[in-house]
Amino acid sequence: MTAEPRFVVIRAFTSPIEAHLACSALKGAGIDARLSDIHLVEAQWMYSNAIGGVKIWVPAADEGAARELLDQGPHVAEPAASRGIQEDRNAACPRCGSEDTASISNPALRTPNLEPGTPNPEPRTPNRT
């Protein structure tokens, strides 16, 4: 019988969203990362500081690599070209006019509401009686 690897806490976050992003970055790098206290903080966010936040656990053998990865700062995706996204520097965002845009070449990944020229539905207004 093989022993389970020993896990250690490498970081704690007050926000479950930040914890999920960091955990995803670690998993993307091939590190077996796990979250604890995530459900409690999601249900009762005010307990986050009291319990020490949402904790990320990794195998002790990967602790150094995991800390190094998270210490690099905010995790930015790979350049668009390496992800199969064709950059079109001539296209500007129809909303804000930003020229820092990229078009997705895979039609399965496109969201109809995000296509240029597609109107967004009007927000619902509550029924007032």
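Available extension along the chain between Cys96 and Glu68 is 6.5 nm, counting 0.36 nm per residue and deducting the alpha carbon span.
In plain terms, the chain from Leu40 to Arg6 could stretch by 9.9 nm, reckoned as 0.36 nm per residue minus the Cα-Cα distance. Counting Lys and Arg as +1 and Asp and Glu as -1 over every other residue whose Cβ lies under 13 Å from the Cβ of Val41, the net charge comes to -2.
For segment 7-71, taking Cα atoms only, Rg and Dmax work out to 11.3, 33 Å respectively.
Since every read-out is calculated from the coordinates, none of them should be taken as a lab result. All values reported here derive from a predicted model rather than from experimental measurement. Using ideal geometry, Cβ is built from the backbone for each residue, glycine included, and neighbour counts are taken over all protein chains shown.
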